[in-house]
């Protein structure tokens with residue numbers, strides 16, 4: 001495989017294309033989680049005159065995945081739940097027929113099983129370029145994942161990630177060559193957050209909101225312990241978390257042990273995130289690890305006063321503290337002090353919210369994301 005693109009290459013604005021680049025996206029299934037949401041947004045936003053998408057779902061048979069399918073691109077559901085199975089062999093034949101019909105120039109795969117299944121098959125089927133996406137820092141990778149990653153690597157032309165920290169991790173821990181790792185940053189639908197009032201932390205009741213799946217890496221247990229300390233100093237606070245996940249039962253038990261009552265509420269899954277953020281004055285992201293956080297982009301688009309841990313792209317998004325407060329991960333006292341700072345300085349809190357909103361609109365809108373990907377695909381297939 002020939003060398004790809006220099007990591008710092010600036011892509012030109014794409015001109016109308018006589019022949020759109022055909023990009024096939026492949027993922028295990030669809031859900032409302034961050035990676036899946038960003039993929040669906042990209043498919044929706046792509047200019048069909050520039051890029052013609054198709055979608056492969058390795059499984060995709062559940063009701064939620066079906067409900068989320070985009071209506072304006074070809075889709076195939078393979079129903080594969082075990083890679084080493086007769087159904088997987090049959091699915092491979094169906095997938096090759098799908099590719100013969102739609103003739104993709106590029107396959108872009110998400111998650112491990114889709115990469116293991118799709119990347120080698122794509123090369124055997126004549127797909128010219130295979131891209132693998134990894135937008136986290138690999139905190140969850142086991143030795144088996146790393147071995148499988150090395151086996152599939154010869155079939156992958158480039159790896160996409162959404163942060164410089166992600167690129168550094170892929171180079172340092174996975175041994176990828178820097179020129180084969182490209183950083184393409186996410187975007188947020190800023191139109192969903194129009195006409196939001198700026199936060200007011202001088203009110204008698206100040207709501208602190210968090211959007212997160214209930215998984216250990218999101219550190220909601222740590223946020224509960226922060227709330228326990230903070231509420232003793234700042235009784236006007238109410239903490240609300242939207243999201244669900246494997247930790248719910250454990251977190252409910254901790255909630256009871258800490259005696260947080262109605263001052264810390266686990267609201268479960270909420271489909272209307274903008275409406276939730278509209279009621280929040282302070283938005284907090286206490287994670288142990290992040291890539292480019294979709295939740296943080298939404299906080300900023302909503303113009304909230306933000307506190308985030310210094311992991312992944314958080315400090316870059318918040319412009320090193322100009323658009324919100326950045327604290328060390330796992331530091332309870334720092335989070336409590338940051339809350340106190342925003343409560344004591346309502347004008348500063350509102351200023352952070354306004355600066356965050358301006359930054360997202362300028363650099364991290366969905367339109368900006370679309371242009372980044374379209375220019376990348378065009379440059380990729382032309383080399």
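Only the coordinates and a few stated rules stand behind these numbers; no lab work does. Everything numeric here is computed off the predicted structure, so don't read it as measured data. We place every Cβ from the backbone using ideal geometry, glycine too, and count neighbours over all the protein chains shown.
For a label point 7 Å from the Cα of residue 258 along Cα→C-beta, name the residues of segment 179-223 whose backbone N is under 15 Å from it.
Counting only backbone N, you get 208-212, 214-223.
For segment 272-373, build the convex hull from the C-alpha positions and give me its volume per residue in Å³.
93 Å³
How much length, in nm to one decimal, is gained on full extension between residue 192 and residue 96, taken as 0.36 nm per residue of separation minus their Cα-Cα distance?
Value of the extension gain: 30.7 nm.
I'd like the orientation of helix 366-382 relative to the chain: the angle between its Cα long axis and the longest Cα principal axis, in ° from 0 to 90, rounded to 10.
Tilt relative to the chain: about 30 degrees.
In nanometres, what is the gap between the two model label sites at residue 151 and residue 249, each 7 Å from Cα along Cα-to-Cβ?
Modelled inter-label distance: 3.3 nm.
Compute the angle between helix 220-233 and the longest alpha-carbon principal axis of the chain, please, reported from 0 to 90 degrees and rounded to the nearest 10.
Approximately 20 degrees, to the nearest ten.
In the calculated pair distance distribution of segment 190-363, what percentage of Cα-Cα distances lie above 30 Å?
8 percent
Helix 248-258: angle to the longest alpha-carbon principal axis of the chain, degrees 0 to 90, nearest 10?
So the inclination is approximately 20 degrees.
Kindly put 25, 239 in sequence by how many other C-beta atoms sit within 10 Å of each C-beta, fewest to most.
Arranged by neighbour count, lowest to highest, 25, 239 become 239, 25.
Compare 283, 49, 368 in a GNM of the chain, Cα atoms joined below 10 Å, and give the one with the largest fluctuation.
49
Subtract the Cα-Cα distance of residue 172 and residue 320 from 0.36 nm times their separation in residues, and report this length gain in nm to one decimal.
50.9 nm
Spin-label point model (7 Å from Cα, Cβ direction): what's the residue 348 to residue 275 distance in nm?
Taking the two extended label points, one gets 3.5 nm.
If you take every DSSP beta bridge fully contained in segment 190-363, what fraction is antiparallel? Give it as a percent rounded to 5.
So the antiparallel bridges in segment 190-363 amount to around 0 percent.
With springs only between Cα atoms under 10 Å, which of 23, 229, 80 fluctuates most in a Gaussian network model of the chain?
Evaluated over the chain, the most mobile residue of the options is 229.
What is the fewest-to-most order of 61, 164, 290 by other Cβ atoms lying within 10 Å of their Cβ?
61, 164, 290
Between 198, 258, 121, find the one with the highest GNM mean-square fluctuation for the chain; connect C-alpha pairs within less than 10 Å.
Top of the fluctuation ranking is 258.
Arrange 194, 129 by Cβ neighbour counts within 10 Å, fewest through most, would you?
In order of increasing Cβ crowding within 10 Å: 194, 129.
If each DSSP helix of 4+ residues adds -39,500 (n - 2.57) and the sum is divided by the residues in the chain, what number results at 222 nm, nearest 500 deg cm²/dmol?
Details: 14 runs with 159 residues, N = 383.
After summing the helix terms and dividing by residue count, I get -12500 deg cm²/dmol.
What number does the chain give for Rg over Rh if you use C-alpha atoms and the Kirkwood radius?
In the chain, Rg relative to Rh is 0.99.
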